[in-house]
Amino acid sequence: MAASENESYVVLKNTDFSYKEEVTENTAPTDAAGDAVLLTQDDLAVNLPRELIELNWMQGTLSKDVPLAGIFEDLGFNASCYLRGSGTQGSAPDWAILMKHVMGDVFAGTNDAVEAAPAPTTTAFEVSTGSNFKQGGINRIEVTAGNFEFGRVLSVATDLLSYWPPFSAAPGAGLAAQSGYNFLLKSGVSDFKTGSAYFYMDGTKKLVLSGCRGRAAQIALEVGQPAKLTFDMAALSYAHSYAAQGYTPTYNRTTKPPIVLGIQHDIIYHGTQALTSAVGSVLVSSSDGNAPLEVAVGDLIIIDTDGAGAYETQTILSVTNSGSDPVTLTHGNFSAVNVGSTALIVRSNPNCMRSMEININMELIDVECASSTTGKATRLQADRTVEVNFEEHFKSFYNLDQRDNVVYSNVRTILGSTAGNIIAIDIPRFYISEIEYDFGNQLVMQSLTGSGRQESSGGNDEIFISSL
């Protein structure tokens, strides 16, 4: 990487890297073995740009550009690590503090047990304590013995949880309820924490960056490859050091990153057809303005009892005239109480993405930029965006029709299957802004670009990430 005239780069090899949250902003604490982060590569580029100002009119020298000590334009670093768990269910992975300083908030996981479902519904259940089940967290619930399903908590009332999406069956008493180590977006700009980054080469500390805040985090998923996570961090100051490392990193050296096997892109259809019978089939048409449904056996029909929030889910058993108008769906038996409901949702899971890239971007505001010591007295997170790009291949043009008809879709992926090394990513409301097609090699390739938008009026729910 070539440096420009006002930038310098420190290139490290045989590198250990650690990151620790600061108690006092821009004051580096002492790092320890538990603060180490496993990187995907052994070399790391640290950006130490120096701002130059013109002083020829002041000094009468031949040089116009003289560096003003302590002023940095874009001090920071990039770190790439594997998107993997800690090896222990609900415990923080080694990259946890970096992600916290991008997104703003975390809470630890727990193991609990399901109590008896309080009502004939599959979107609410009780747990023994509920202490670490919080709104927005991604969780893993044992619906039947050995069969786990994932979802997010919409609300918590003591030990009663409202959940989405609906379960395939009401979870039975005594089955496992596991909340993950969750990362949540935060709305307040003044309560983001800062950290210090420590760079070691051949067992010797070379560089310390302090007052670090997250500028961006990128999650890169490609089918057949391990998931990767890259952080772009800004800093307020740096110092050189030649102290011995003094510890051996204690991050998990045995847990391998999960391989991406599939990425689920739910297509949510919100209809107004009534459920005329609890048994048999339902006829779905586009009379309410939606494009014709393309659905398949295994997709879900979800009924909300006249908007009362008592959901029930049944699997589609057969489909007649998929992609046409109307389409007839044969389903499992609903409870009689839901006959007559006019709030019908069809949830289709094509599950055919090849790759996905998620960018969580933070806008930083520099405060007191003219400070003579660090150049920036502090930085605040002012705004955030969640951008998504992915490629998938389809056997039809269904999604092209749906772009202007479906209000939003849900992008969701679960990586790994072993407790302690499961990563769940959920973007509840994904809005497509651009779509491209490529016709070649007897495949139709579709590239989608869009963004995650807040689901509730309070925000903080554009994306959920959990290590389970």
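The values are calculated or read from the model by the stated rules, or taken from the named source; none is laboratory data. Bear in mind the structure is a predicted one, so any value in this text is a computation, not a measurement. We place every Cβ from the backbone using ideal geometry, glycine too, and count neighbours over all the protein chains shown.
Can you confirm whether LEU236 is crowded, with 23+ Cβ neighbours inside 10 Å and at pLDDT below 90? Don't jump to the end; show me each part of the working.
Values: crowded, with 23+ Cβ neighbours inside 10 Å: yes; at pLDDT below 90: yes.
The answer is yes for LEU236.
Being assigned to a loop (DSSP other than H, G, I, E, B), within 12 Å of TYR181 (Cα to Cα) and at pLDDT below 80, is that true of even one residue in the stretch 109-132?
Pass one, the stretch 109-132, residues assigned to a loop (DSSP other than H, G, I, E, B): 109, 115-123, 128-132.
From what's left, within 12 Å of TYR181 (Cα to Cα): 109, 132.
Next, from what is left, pick out any that are at pLDDT below 80: 132.
Checking the stretch 109-132: at least one residue is assigned to a loop (DSSP other than H, G, I, E, B), within 12 Å of TYR181 (Cα to Cα) and at pLDDT below 80.
If we scan the stretch 197-216, do we find a residue that is of a type in the set (Phe, Trp, Tyr), at negative phi and under 21 Å from the mean Cα position of the chain (by Cα)? Give the derivation first.
Of the stretch 197-216, the ones of a type in the set (Phe, Trp, Tyr) are 198-200.
Filter once more, so that each one left must be at negative phi: 198-200.
Retained after the next criterion (residues that are under 21 Å from the mean Cα position of the chain (by Cα)): none.
The answer is no, given that none of the residues of the stretch 197-216 is of a type in the set (Phe, Trp, Tyr), at negative phi and under 21 Å from the mean Cα position of the chain (by Cα).
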Looking only at residues that are closer than 20 Å to ARG354 by Cβ and surrounded by fewer than 22 Cβ atoms within 10 Å (Cβ to Cβ) in the stretch 397-424, which one is modelled with the highest pLDDT? ASN410
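Output the residues belonging to the stretch 14-37 that are modelled with pLDDT under 90, of a type outside the set (Ser, Thr, Tyr) and part of a strand (DSSP E or B). Explain how you work it out, then say what you get.
Initially, the stretch 14-37 is screened for residues modelled with pLDDT under 90, giving 14-16, 25-26.
Keeping just the survivors that are of a type outside the set (Ser, Thr, Tyr) gives 14, 16, 25-26.
Across the stretch 14-37, the qualifying residue is only ASP16.
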Where a residue in the stretch 359-372 is on the phi > 0 side of the Ramachandran plot and part of a loop (DSSP other than H, G, I, E, B) and its partner, wherever it lies, is among the small types (Gly, Ala, Ser) and at pLDDT 50 or above, with Cβ under 7 Å and at least six apart: GLU368/ALA377
What is the residue count in the stretch 138-167 for residues that are out of contact with any Leu (no Cβ under 6 Å at 6 or more places or on another chain), within 26 Å of GLY298 (Cα to Cα) and surrounded by 16 or more Cβ atoms within 10 Å (Cβ to Cβ)? 14
Conditions: (1) at pLDDT 70 or above; (2) surrounded by fewer than 16 Cβ atoms within 10 Å (Cβ to Cβ); (3) not assigned by TED's automatic domain parsing to the domain that holds ASP16. ASN78 meets all but one. Number of the miss? (3)
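For the stretch 129-166, what are the residues that are among the hydroxyl-bearing types (Ser, Thr, Tyr) and on the phi > 0 side of the Ramachandran plot? Working first, answer last.
Taking the stretch 129-166 as the starting set, the residues that turn out to be among the hydroxyl-bearing types (Ser, Thr, Tyr) are 129, 131, 144, 155, 158, 162-163.
Once the filter is applied, which keeps residues that are among the hydroxyl-bearing types (Ser, Thr, Tyr) and on the phi > 0 side of the Ramachandran plot, the stretch 129-166 yields only THR158.
Select, from ALA239, ALA177, the only residue that is outside any loop (DSSP other than H, G, I, E, B) and within 25 Å of SER128 (Cβ to Cβ).
Details: ALA239 fails: within 25 Å of SER128 (Cβ to Cβ).
Just a single option satisfies the conditions, and that option is ALA177.
Based on this model, can you work out whether GLY85 counts as assigned by TED's automatic domain parsing to the domain that holds ARG379, out of contact with any Gly (no Cβ under 9 Å at 6 or more places or on another chain), crowded, with 19+ Cβ neighbours inside 10 Å and at pLDDT 85 or above? Outline the logic, then answer.
Working: assigned by TED's automatic domain parsing to the domain that holds ARG379: yes; out of contact with any Gly (no Cβ under 9 Å at 6 or more places or on another chain): no; crowded, with 19+ Cβ neighbours inside 10 Å: yes; at pLDDT 85 or above: yes.
Considered against the rule, which asks whether it is assigned by TED's automatic domain parsing to the domain that holds ARG379, out of contact with any Gly (no Cβ under 9 Å at 6 or more places or on another chain), crowded, with 19+ Cβ neighbours inside 10 Å and at pLDDT 85 or above, GLY85 comes out as no.
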Can you tell me which residue in the stretch 171-196 is nearest to the chain's Cα centre (by Cα), limited to those that are more than 21 Å from LEU468 (Cβ to Cβ) and among the small types (Gly, Ala, Ser)? SER187
Test of understanding: among TRP95, TRP164, which residue is closer than 13 Å to ASN182 by Cα and among the aromatic types (Phe, Trp, Tyr)? TRP95
Can you name the number of the only condition in (1) within 25 Å of ARG412 (Cα to Cα); (2) modelled with pLDDT under 65 that ILE345 fails? (2)
Of all residues in the stretch 201-210, how many are at pLDDT below 90 and either part of a loop (DSSP other than H, G, I, E, B) or crowded, with 21+ Cβ neighbours inside 10 Å (or both)? 2
Conditions (1) assigned by TED's automatic domain parsing to the domain that holds GLU387; (2) outside any strand (DSSP E or B); number of the one not met by SER168: (1)
